[in-house]
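Asker: This structure is in C-alpha cells; I'll ask about it shortly.
The values are calculated or read from the model by the stated rules, or taken from the named source; none is laboratory data. Note that the coordinates shown come from a computational prediction; the quantities given were computed from them, not determined experimentally. For neighbour counting, all protein chains shown are included, and Cβ atoms are generated from backbone atoms with ideal geometry for every residue, glycine included.
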Amino acid sequence: MGVRNLKPARVYQTAAATINASRGVQPPPWFSTIESIPPSEILTRPQPAVQRGKIIRNSKSRKPSKSFQPLQIVYYEDRLRKAFYSDHPWELARPRILLENDGRDAQRCNWQNIQQPGFPLTGESVVQRQLYLMDVEGKQKMEAYDIARKEFYALRHEEEVERRVAKEEALWSGAYFGKGPLEVGMELEDKVYEEWKDWALIQAERLDLTRQITVNRPAEDAVEPEEENEVGTIVDLGPIEGLDAGAGGETDPRFATVL
C-alpha cells in the first residue's frame with residue numbers, strides 16, 4: 001500500500017531501449033502510436049484528500065442502496081413451477097432435453113390437452129396446462145392444479161405400462177437387459193453387510209480374548225504360601241549363670257534356640 005507502480009507509463013522507453021539494443025528486431029505495431037500518443041502521467045484514481053476535524057453529514061441525503069443491481073425478473077409461471085416441483089421433487093431427476101428453438105416453444109402449443117406432439121411430458125406440461133385452465137377456462141389456481149396433476153398422473157401411468165410391456169416382450173424374444181437399479185442396490189447392500197459381518201466377528205473374538213485374559217490374570221498373580229517341611233534344629237546353649245540346670249544336667253527347653 002502506498003507504492004505506485006509507474007511501469008505502465010514507461011512502456012515506450014522500455015520498448016525503445018530493447019529495440020535499440022537488439023539488432024534486426026522490428027518494432028511492434030503499437031510502437032509508433034504510443035510514441036505519438038503517450039500514456040497520461042496522471043493516475044486515473046487519485047487518492048482523495050483526508051479531511052481533518054469533524055464531518056457534518058446531511059441526514060436527508062442518503063446513499064441509494066442496490067441502485068446498480070438489475071431488477072429481478074419474475075414470471076407468474078415461476079410460482080406454479082415451484083409449487084409443482086416442491087410436491088414432485090423426483091421429476092427433477094428425470095433426464096430432459098433442453099434444446100429449444102427460441103425459448104417460446106411452449107407458447108406455440110395448444111394446451112387444451114396436456115400431451116403435445118413433439119413436446120415431452122414434464123413438469124412444464126403441468127404448468128402450461130394449469131396456466132391455460134386459469135386464463136382461458138377461468139379455473140381457480142388449486143382447481144386447475146388438480147386437473148392438470150391428475151392428467152399428468154394418468155399419462156405417466158400409461159408410459160410406465162408401455163415400458164413394462166415392451167420389456168416383457170423383449171425378454172420373451174431373447175433380449176437381455178442386465179441388472180436393474182434395484183438389483184445393483186441390493187448387491188451393494190449385501191457387500192457392505194458381509195464386510196460388516198467379518199468386522200463384527202473379528203471384534204467379537206478380540207473381546208472374548210480380552211475377557212479370558214482378564215479372568216485368568218488374578219489366579220496367576222496370587223502368591224501361594226510355601227509349605228514349611230523343614231524340621232527345626234534345637235541348639236543347646238549350655239547352662240546360664242544364675243539358673244540351675246534341670247535334673248540330669250539338661251538344659252531348660254525354654255532357653256533353647258530353634259534353627
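Asker: If we scan segment 67-86, do we find a residue that is at positive phi, modelled with pLDDT under 70 and exposed (fewer than 10 other Cβ atoms within 10 Å of the Cβ)?
Answerer: For segment 67-86, residues at positive phi, modelled with pLDDT under 70 and exposed (fewer than 10 other Cβ atoms within 10 Å of the Cβ): absent.
Asker: Let me ask something else about it. Of the conditions (1) of a type in the set (F, W, Y); (2) closer than 30 Å to S125 by Cα; (3) not in a helix (DSSP H, G or I), Y153 satisfies every one except a single condition; which number is it?
Answerer: Single failed check for Y153: (3).
Asker: Scan E160, E169, E124, E187 and give me the residue that is surrounded by 10 or more Cβ atoms within 10 Å (Cβ to Cβ), over 37 Å from the mean Cα position of the chain (by Cα) and among the acidic types (D, E).
Answerer: E169
Asker: Going through P64, P39 one at a time, which residue ends up being surrounded by 10 or more Cβ atoms within 10 Å (Cβ to Cβ) and at pLDDT below 80?
Answerer: After applying the criteria, what remains is P39.
Asker: Here is a follow-up. From V136, V126, which residue is closer than 22 Å to A93 by Cβ and assigned by TED's automatic domain parsing to the domain that holds F84?
Answerer: Sole residue among the options that is closer than 22 Å to A93 by Cβ and assigned by TED's automatic domain parsing to the domain that holds F84: V126.
Asker: Next question. Please verify whether A170 is part of a helix (DSSP H, G or I) and either of a type in the set (A, V, I, L, M, F, W, C) or not assigned by TED's automatic domain parsing to the domain that holds A83 (or both), treating the condition exactly as stated.
Answerer: yes
Asker: Scan V165, V127 and give me the residue that is modelled with pLDDT of 90 or more, touching a Phe, Trp or Tyr at 6+ places or on another chain (Cβ under 8 Å) and of a type in the set (V, I, T).
Answerer: Residue meeting the stated conditions: V127.
Asker: Sticking with this structure for a sec: Of the residues in segment 120-150, how many are closer than 19 Å to S86 by Cβ and in a helix (DSSP H, G or I)?
Answerer: Of the residues in segment 120-150, 20 are closer than 19 Å to S86 by Cβ and in a helix (DSSP H, G or I).
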